[in-house]
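Participant: Before we start, here is the structure in question, set down as structure tokens.
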Amino acid sequence: MKSLASYVFFGALSVACLLVSCKPDMVADSLQKVPDPPVISRRNPEETLTLFLTGNTLGTLKPCGCSTGQLGGFDRRAAIFNRVPENKKLVIDTGKLLGGDSQQDSIKLSMIFEALTLLDYDAVNLSSIDLTLARDIGLLEDNIFKVVTASDAAIPSIFARDVQVAGRKMRVNAVAIDAESLDIDNLKNIFSDATEQLRLNILIAENLDCSDDSDILTAIEAMNIVDVIVCSPEADEPEVLSTGKNGLLVITVGRFGKYLGELTVGISKGDSVNLSYTAIAVDETLPVTAELVELYGNYQQMLKDYNLLEELPKIPLAEGLNYAGSDACQLCHGYEYDKWSIKKHAHAYQTLVEVGSQYDPECVECHVVGLKYESGFVNESSDKGLRDVGCEICHGPGSRHIEAALSGNDVVGLVSPKFGCNDCHTPEHSPGYGADKDGYFKKIIHWMEPEANKNVK
């Protein structure tokens, strides 16, 4: 191998302010400050360097908590980082902190910058959306971590740090590139170093085809300068995409913060660099950090203060339809209503209240009726019949159906918009659903048809 100002005040929130779990019983015993756990390493930590790599968080501050077994959360990362001594690790985020550019994303970005500070990140790559919002809300100054980006020539694209590995000095270079504007020949200049010290050169690549037949990837490997390329992921778990004949390691860091990538760097005889890459699950058994739990509470409070639920644009329903609320269905469908009322769907809104997420539009949508539509749920002052996973989430707005029934006219069938199970039971929110759809379906049966799973409308 080679030799080696809208929301400007968000950033001023107290650093001692980050993550309440969506399930209080999973958090109640974890709010104390977490002591540093013992050092754990597959190799002697005195002989290796560990790079923790994260990225593609896409605005996911923590798992929603709607089911057990969920992975992720900024509040659990420190429990992994602290396994390695401070002087034997670097922590780098490879970008795509956000998944959008909404008002809620702006609030998230402020919280994420606070979290990265509390977690002692060394470098953070900002993708184009991240950079635009960070500049708009004044987050680019006075950070303890190095900000790099390939999206603005006025901001450095390279992070460099001298470290000790097995008693030897090594220069770690991490460079953000955009493959669409990359000058391959310029890589030699980017990684040039007048010294003869050992080097580890990492490319954090956007818009790069990382398949085996990628011309750019082939050209980079042929230069024998780059050791590691971090590509955009297609899976939640970090992966090793390829290991080239010249030792080039092509990897991803996963998505949504469910895993951390651990790159272990060692030196063999002859000054060759050995690399190993492992995915570490950020699972719910890890202890949380109190400051990060508190910071997430601040985030929830800001969503309330900014009335984001009330600010949501509303889509008109077709043909003058309105949501009537679940209570209106009880008159004619008493059996079904009574059965539904003892199911978990009938208490979905309260689960948000218990953890302070009843002001978060991203959570509320799947716990109420018609959040994004006119006459649907707006906020906690809305008709209580619009709370919970009620009748009209699955069956559609019922005003015309009810009017016809009460007037003695022919009953009108229910119409769209209707949510399907898959709209809310996604892999992120409900990891076990995909493998047990029949089991989940049986839990919600509240009608009298003998072959309910075939006849339900």
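Any read-out appearing in this document is the output of simple, stated calculations on the displayed coordinates, not a laboratory observation. Please read these numbers as outputs of a predicted model, since none were measured by experiment. Note that we place each Cβ from the backbone using ideal geometry, even for glycine, and neighbour counts take in every protein chain shown.
Participant: Could you put M448, M170, M223 in order, starting from the residue whose Cβ has the fewest other Cβ atoms within 10 Å?
Facilitator: Working: M448 10, M170 20, M223 15.
Taking fewest neighbouring Cβ atoms as first place, the list is M448, M223, M170.
Participant: A follow-up question, please. Can you pull the one-decimal nm distance between simple spin-label points at E234 and I315, each 7 Å off the Cα toward Cβ?
Facilitator: Here the modelled spin labels are 2.9 nm apart.
Participant: With each label point set 7 Å from Cα along the Cα-Cβ vector, what nm distance links S211 and L241?
Facilitator: It works out to 1.1 nm between the two label points.
Participant: Next up: How many nm is it between the label spots at S276 and D436, if each spot is 7 Å from the Cα in line with the beta carbon?
Facilitator: A separation of 3.5 nm, rounded to one decimal place.
Participant: Tell me, R77, R168, R387 in order of fewest to most beta-carbon neighbours within 10 Å?
Facilitator: Fewest-to-most ranking of R77, R168, R387: R168, R387, R77.
Participant: How about segment 263-323: which chymotrypsin sites (Phe, Trp or Tyr not before Pro) there are in a DSSP loop, with at most 14 other Cβ atoms within 10 Å of their Cβ?
Facilitator: Counting only loop positions with at most 14 other Cβ atoms within 10 Å, none of the chymotrypsin sites (Phe, Trp or Tyr not before Pro) in segment 263-323 qualifies.
Participant: Give me the extension gain from D152 to N422: residue separation times 0.36 nm, minus the current Cα-Cα distance, reported in nm with one decimal.
Facilitator: Net length gain for the segment: 93.3 nm.
Participant: On to the next question. Can you spot the aspartates and glutamates whose alpha carbon is less than 20 Å from K169's alpha carbon? Ignore those fewer than 8 places along the same chain.
Facilitator: E46, E47, E86, D122, D193, E196, D227, D271
Participant: Which order, highest average first, do 175-184, 431-440 follow once you tally other Cβ atoms within 10 Å for each residue and take the mean per peptide?
Facilitator: 175-184, 431-440
Participant: Helix-derived [θ] at 222 nm for the chain: sum -39500 (n - 2.57) over DSSP H runs of at least 4, divide by residue count, nearest 500?
Facilitator: Working: 15 runs with 112 residues, N = 457.
Mean residue ellipticity, 222 nm, calculated: -6500 deg cm²/dmol.
Participant: Something else: Quick one: what are the phi-derived ³J(HN,Hα) couplings along segment 394-405, Karplus 6.51/-1.76/1.60 with θ = phi - 60°, whole Hz, x for glycine and proline?
Facilitator: Those phi angles translate into 8, 9, x, x, x, 4, 5, 4, 5, 4, 5, 5 Hz.
Participant: Over 22 Å between Cα atoms: which of K62/K146; K108/K437; K314/K339; K304/K344; K108/K146; K258/K418 fall into that group?
Facilitator: Numbers: K62/K146 24 Å; K108/K437 33 Å; K314/K339 31 Å; K304/K344 25 Å; K108/K146 20 Å; K258/K418 30 Å.
Distance filter (> 22 Å) returns K62/K146; K108/K437; K314/K339; K304/K344; K258/K418.
Participant: Restricting to bridges with both residues inside the chain, how much of the DSSP beta-bridge set is antiparallel, in percent to the nearest 5? Don't skip to the end; give the middle numbers.
Facilitator: Numbers: 27 of 53 bridges.
Here the share of antiparallel DSSP bridges comes out near 50 percent.
Participant: Here is a further query. Counting other C-beta atoms within 10 Å, which of F145, F74 has the fewest, and how do the rest follow?
Facilitator: By the 10 Å Cβ count, ascending, the order reads F145, F74.
Participant: Calculated from the structure, volume of the Cα convex hull per residue in Å³ equals which of (i) 187; (ii) 172; (iii) 141?
Facilitator: Correct label, based on the coordinates given: (ii).
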